[in-house]
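The values are calculated or read from the model by the stated rules, or taken from the named source; none is laboratory data. Since the structure is predicted, the reported quantities are computational estimates derived from the model, not experimental observations. Cβ: placed from backbone, ideal geometry, glycine included. Neighbour counts: every protein chain shown. What goes into the accessible areas is simple: the full protein's heavy atoms, side chains included, and nothing from ligands, DNA or RNA. Shrake-Rupley method; radii C 1.70, N 1.55, O 1.52, S 1.80 Å.
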Amino acid sequence: MTAARALTDGERDAVANMANLAALIWQFLPALNWAGFYRVIDGELVLGPFVGKPACIRIAIGQGVCGAAAASGETQLVPDVHAFPGHIACDADSRSELVVPVRRDGMVIAVIDLDSPSPARFDTEDAAGIEALADAIAMLI
Ligand code: SME
């Protein structure tokens, strides 16, 4: 969190901040194959800065794990993506996923999406950490 604050300190450009935060998550969390942002733009999720393989660009709110997080405003901790109805397989290697909504003024403005090739890679501690990050950076993206 200190690193996230230091990286974004005094920087107002949303793309620059999301790019560095995606890289920071990638650097510090082991066993990821994708880490990045989708932003809510005109009522759908649109791909933002990320680390990983190229991904689907637009996701309807309510669709897949990211869409479920955006629709509900709730963190989605998915130990087995194959068991999640409507999961969107951007990278066939992904086995588990953590998606945390970013809220500003009570509205979901983006989600942070983390994928892993390991089953059940993410736990509630990871979720709490990414939720704290989401709160800290909501005004910066
Ligand atoms: N798996 C996600 C789609 C985004 S990619 O994983 C980068 C989903 O089901 O929402």
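The table below gives the values:
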{"item": "Percent accessible area from carbon and sulfur atoms, the chain, protein chains only, probe 1.4 Å", "result": "53 percent"}
{"item": "Surface per residue (accessible, 1.4 Å probe) for the range 2-137, Å²", "result": "49 Å²"}
{"item": "Exposure ranking of Thr124, Thr75 by accessible area [1.4 Å probe, largest first]", "result": "Thr124, Thr75"}
{"item": "Shape of the range 1-125, Cα gyration tensor, a/c cut at 1.5", "result": "oblate"}
{"item": "Phi-based couplings in Hz for the range 47-55 (Karplus 6.51, -1.76, 1.60; Gly and Pro marked x)", "result": "3, x, x, 7, 10, x, 6, x, 10"}
{"item": "Note, ³J(HN,Hα) from phi for the range 17-31, Karplus 6.51, -1.76, 1.60, rounded to Hz, x at Gly and Pro", "result": "5, 5, 4, 5, 5, 4, 5, 5, 4, 4, 5, 9, 9, x, 6"}
{"item": "Radius 14 Å from Cβ of Ala120, net charge of other residues (Lys, Arg +1; Asp, Glu -1)", "result": "-4"}
{"item": "Loop-located trypsin sites (Lys or Arg not before Pro) in the range 1-85, at most 15 other Cβ atoms within 10 Å (DSSP)", "result": "Arg12"}
{"item": "Sequence-distant residues sharing a close amide H with Glu74 (under 5 Å, placed H)", "result": "none"}
{"item": "Cα-projected label distance for Ala132 with Arg12, points at 7 Å along beta-carbon direction, nm", "result": "2.9 nm"}
